[in-house]
Structure formats: C-alpha cells, structure tokens
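Visitor: Quick one: this structure, given as structure tokens, is what I'll be asking you about.
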Amino acid sequence: MDYKKILTIQDISCVGQCSLTVALPILSACGLETCVLPSAVLSTHTAGFSGYTFRDLTEDMPAIKDHWVKEGIRFAAIYTGYLGSTRQIDYVADIFEATADEGCVKVVDPAMADNGKLYPGFDQPFVEAMKGLCAKADYIVPNITESCFLTGIPYRTSYDKAYIDEHLQKLTALGCKNVILTGVSYRTGYTGIVVLENGVERYYEHILLPNSCHGTGDIYASAFVGALMRGKDAYTAAKIAANYTMECIKATATEPNHWYGAKFEPVLLKLIQAIE
Ligand code: PXL
C-alpha cells in the first residue's frame with residue numbers, strides 16, 4: 001500500500017466526539033499516517049455544553065509551520081475543519097503553500113454553521129476569510145447552512161434542484177473546484193449528498209434516520225478524506241462516508257443520554273471494510 005502522510009487541522013474538543021478526537025482515529029483506521037495541528041483546545045465542543053474553556057492556538061501556528069519547513073516535512077493531503085480565529089485562516093493558507101507535497105490534496109470542511117446559524121464565536125469576517133480558504137481547496141465539504149454563508153443564498157429547509165444548483169454555481173464562482181454538499185434532502189424521509197467533481201454533478205440519496213447526533217459532519221468529512229486518500233473517486237468516497245455516518249447514527253440511536261456525539265468507534269470496521 002502506498003503509505004500517505006496527511007495533516008489535519010482542527011480543534012481538540014477534549015470531550016464531545018468531534019473534530020480531532022474523531023478525525024485522528026478515523027483517518028488512522030483508513031490506513032493513513034495522520035499528523036495533527038490543533039487549531040484550539042476546548043474543554044468540550046460548543047454545541048449543547050455551556051461554560052466551556054477555549055484556548056486559541058493561532059499564535060503557535062507560524063513557528064510550527066517554520067519547523068516543519070526546516071525539517072522538510074511535506075503532506076500528501078491537508079484537511080481542515082473547525083478553525084480557531086479569523087487570523088488563523090491566513091496561517092492555514094501559509095501552511096497549504098509551505099507544506100504541500102507535489103499533488104497534495106487539500107480538503108476544507110468550512111465547519112462554522114448548522115441549522116441556519118453560525119456556531120458561537122464566529123462572525124462575518126470569519127466567513128469572508130473562510131471563502132478565501134475554500135477557493136484554495138481541491139474539495140470543500142460544506143453543509144447547506146455553511147454553503148448559504150459562503151454564497152449569500154438565503155437558508156431554506158425545503159427546496160428543489162434549482163436551489164441546490166444555484167449553490168453549486170455560486171460556490172464554483174468563488175473558486176471552489178470540487179464540492180461535496182451534505183444534507184441535501186429533496187423528499188420527506190430521505191437525505192443525501194451532492195457531489196460536483198470536475199464539473200459533473202451526482203447525487204447519492206439515502207434514508208433519513210429518525211435520530212440525529214452532534215459531530216456527524218466531522219465523522220462524514222473524515223471518512224470522506226480517508227476514502228479519497230485510499231484511492232476512491234470523490235463520488236465513491238462521498239457514498240462510503242455517508243453509509244459510515246449512518247452506521248454511527250444507528251449505533252447511537254438506543255442511547256438518548258449520548259446526545260453530544262455519535263458512537264463512531266464500534267462501527268469503524270464497517271468503514272475499513274468499505275475501503276479495503
Ligand atoms: O463538529 C463541529 C464542531 C467542531 N468543534 C467545535 C464545535 C463544533 C460544533 O459545534 O463546537 C469546538
């Protein structure tokens with residue numbers, strides 16, 4: 001197997017099954033050497049807990065990058081998720097420039113919003129900076145809310161294909177090359193993923209499970225990157241990631257107290273089997 005070294009940049013939420021505590025095990029399970037750059041350290045994630053701590057690691061990033069450059073460290077892929085500050089986005093762009101190996105695949109999950117709203121702490125300047133980072137990526141993995149903030153299209157919960165095509169057209173106009181748009185539902189009881197790769201649009205529809213969990217966007221993006229970097233085309237990777245995310249949601253369905261994340265660990269083998 002071609003052994004690939006990838007870098008993921010996102011926060012450590014110490015408790016809450018999201019970001020790095022999800023990305024690192026999933027990418028490792030996919031057989032990828034995974035390097036991490038924490039964007040911030042929080043005691044928990046911000047969705048449902050209150051009083052969490054937040055240590056912004058923006059200031060550490062330039063020196064970390066300089067050390068990697070000095071050591072000649074390069075990555076086959078760089079995958080970003082939840083970032084800690086607007087200024088940090090410029091540093092992440094510098095890391096793209098300085099540490100990308102030849103043919104490096106850059107994946108940006110503009111993790112900043114859901115259900116029509118920005119996450120706590122994010123504002124319009126952050127959104128503007130994230131637009132610039134998305135334009136530098138090979139693949140972006142927004143949900144519909146994030147796409148609304150990136151494109152200025154009003155958020156809607158019911159829509160048709162023309163609405164989704166407007167999203168794809170405006171994301172492309174921003175400079176985004178390939179788009180994996182998650183949570184696209186055209187009919188009751190179903191949801192799915194729209195994949196725009198090299199100008200070709202495809203849709204993978206699956207059933208909408210009755211329960212939902214926090215952190216599934218991070219599970220999805222991590223599994224997508226894992227499958228992509230193990231040689232799957234974007235549509236196949238998007239499908240593998242959707243099926244795995246559904247398994248995680250199902251594994252969590254019987255536990256109402258497990259509201260803060262999805263139990264992705266017991267079903268990792270299913271992801272590995274789908275990739276092998
Ligand atoms: O799952 C996205 C995410 C990542 N990191 C932190 C979050 C969230 C969502 O709320 O709060 C800190």
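The values are calculated or read from the model by the stated rules, or taken from the named source; none is laboratory data. Computed from a predicted structure; not experimentally measured. We place every Cβ from the backbone using ideal geometry, glycine too, and count neighbours over all the protein chains shown. In case anyone asks, the SASA skips ligands and DNA or RNA and just uses the protein heavy atoms, side chains included. Shrake-Rupley method; radii C 1.70, N 1.55, O 1.52, S 1.80 Å.
Visitor: Quick check on segment 119-130. Is at least one of its residues within 14 Å of the chain's Cα centre (by Cα) and within 16 Å of the ligand (Cβ to nearest atom)?
Guide: Yes.
Visitor: Might you check whether a residue that is exposed (fewer than 15 other Cβ atoms within 10 Å of the Cβ) and either part of a loop (DSSP other than H, G, I, E, B) or out of contact with any strand residue (DSSP E or B) (no Cβ under 9 Å at 6 or more places or on another chain) (or both) occurs anywhere in segment 136-148?
Guide: Within segment 136-148, none of the residues are exposed (fewer than 15 other Cβ atoms within 10 Å of the Cβ) and either part of a loop (DSSP other than H, G, I, E, B) or out of contact with any strand residue (DSSP E or B) (no Cβ under 9 Å at 6 or more places or on another chain) (or both).
Visitor: Residue check, residue 77 against (1) within 10 Å of the ligand (Cβ to nearest atom); (2) in contact (Cβ under 8 Å) with a residue 60 or more places away in the chain; (3) open to solvent by less than 70 Å² (accessible area, probe 1.4 Å), all met but one. Which one?
Guide: Condition (1) is where residue 77 drops out.
Visitor: Among the listed residues 109, 66, 94, identify the single one that is within 16 Å of the ligand (Cβ to nearest atom) and either in contact with a Ser or Thr (Cβ under 7 Å, 6 or more places away or on another chain) or open to solvent by 10 Å² or more (accessible area, probe 1.4 Å) (or both).
Guide: Just a single option satisfies the conditions, and that option is 109.
Visitor: Restricting to segment 207-227, name every residue that is away from the ligand (no atom under 16 Å from the Cβ) and under 22 Å from residue 17 (Cβ atoms).
Guide: 208, 209, 210, 211, 226, 227
Visitor: Report, by residue number, each residue of segment 39-63 that is within 11 Å of the ligand (Cβ to nearest atom), assigned to a strand (DSSP E or B) and open to solvent by 30 Å² or more (accessible area, probe 1.4 Å).
Guide: Matches in segment 39-63: 41, 43, 54.
Visitor: In addition: I'd like to verify a number: residues in segment 199-230 that are open to solvent by 20 Å² or more (accessible area, probe 1.4 Å), in contact with a Leu (Cβ under 7 Å, 6 or more places away or on another chain) and among the aliphatic types (A, V, I, L, M), how many?
Guide: Qualifying residue count for the region: 0.
Visitor: So which residues in segment 40-61 are more than 19 Å from the chain's Cα centre (by Cα) and either closer than 18 Å to residue 10 by Cβ or charged (D, E, K, R) (or both), if there are any at all?
Guide: 43, 49, 52, 53, 54, 55, 56, 57, 58, 59, 60, 61
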